[in-house]
Amino acid sequence: MNCNHALVFGGTGMLLEATGWIAEHVNHTVVFGRNRQRLERLSNQYGEHGLKVQELDYSSTDSLKQQIIHAYEENGEIDLVVAWIHSTAPDAIPTIKGQIAALQRHHHWTLVLVKGSSSHLNSITTIEQDIPVNCTVKEVQLGFIYNGGTSRWLNHHEISEGVIAGIQSKKRKIVVGTLEPWEKRP
Ligand SMILES: NC(=O)c1ccc[n+]([C@@H]2O[C@H](COP(=O)([O-])OP(=O)(O)OC[C@H]3O[C@@H](n4cnc5c(N)ncnc54)[C@H](OP(=O)(O)O)[C@@H]3O)[C@@H](O)[C@H]2O)c1
């Protein structure tokens with residue numbers, strides 16, 4: 001993967017394994033989160049791979065903008081953003097898109113959006129609009145495992161594997177597990 005600088009939002013919990021994979025494949029990875037212990041654990045594990053952590057509540061639009069600018073000034077143009085953003089912060093994705101577009105008008109970057117919900121299929125399948133010039137958006141839609149009889153949610157490893165596949169894939173959208181039949185979800 002030809003990538004110098006990546007930002008990861010929502011990567012300190014279930015996505016931990018994928019965040020580690022990104023750190024191993026990218027020169028500069030900045031991981032954002034609120035929980036200092038989770039951030040420190042990542043920093044201890046992957047600091048030698050150039051991973052840095054930054055405390056941030058992404059529901060604060062001003063802080064989010066400032067931290068993107070700071071990462072850009074520290075590590076240069078941003079090549080990859082992986083974002084698993086909760087629905088409680090509806091302004092976060094537009095802010096990420098707008099701020100990066102304003103900083104780097106001529107540099108191509110990829111935005112990988114991770115989408116999961118236990119109740120709202122629409123929030124998973126609604127395709128992202130308003131894509132900035134020079135940006136490729138890929139969506140990783142998290143479903144569930146259904147064997148025709150019983151079903152279960154994806155585990156952490158399966159979620160991370162799906163996100164890594166999404167980063168590597170040329171496809172606009174990948175579904176991890178299945179979203180159908182939605183009424184058979186756990
Ligand atoms: N489809 C499936 O099989 C499946 C399986 C499991 C879960 N899910 C869904 O996945 C969703 C996420 O679950 P979870 O929250 O328990 O996941 P988690 O991975 O444990 O935590 C969420 C991640 O987002 C970060 N985060 C959350 N709010 C933030 C904020 N305001 N600012 C900065 N970072 C923030 C957290 O960092 P901090 O801790 O530092 O805030 C953490 O990195 C749920 O909606 C669940 O239903 C789906």
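None of the figures in this text is laboratory data; all of them are computed from the coordinates on show. The shown structure was predicted, so the numbers you read here are calculated from the model rather than taken from an experiment. For neighbour counting, all protein chains shown are included, and Cβ atoms are generated from backbone atoms with ideal geometry for every residue, glycine included.
A few remarks follow.
- Full extension of the chain between residue 135 and residue 44 yields a length gain of 29.6 nm, computed as 0.36 nm times the residue separation minus the alpha carbon distance.
- Sites residue 107 and residue 180 - FRET efficiency at Förster radius 41 Å, r taken between beta-carbons, to 0.05: 0.60
- Residues whose placed amide H lies under 5 Å from that of residue 112, excluding near-sequence neighbours: 81, 82, 83, 138
- If you run the Gaussian network model on the chain, springs between alpha carbon atoms under 10 Å, then out of 156, 70, 49 the most flexible one is 70.
- Folded to 0 to 90 degrees: helix 156-168 orientation relative to the chain principal axis, Cα: 60
- Extents of the stretch 17-131, taken as max minus min of Cα coordinates on every principal axis and listed largest first, are 40, 35, 26 Å.
- Computed [θ] at 222 nm, helices only, for the chain once each DSSP H run of length n ≥ 4 contributes -39500 (n - 2.57): -10500 deg cm²/dmol
- Qualifying lysines (Cα of each under 20 Å from Cα of residue 171; at least 8 residues distant if same chain): 97, 115, 138
- Label-to-label distance, nm, for residues given as residue 117 and residue 62 (7 Å Cα→Cβ offset): 3.0
- Qualifying trypsin sites (Lys or Arg not before Pro) in the stretch 63-129, where qualification requires a DSSP coil assignment and no more than 14 other C-beta atoms within 10 Å, comprise 105.
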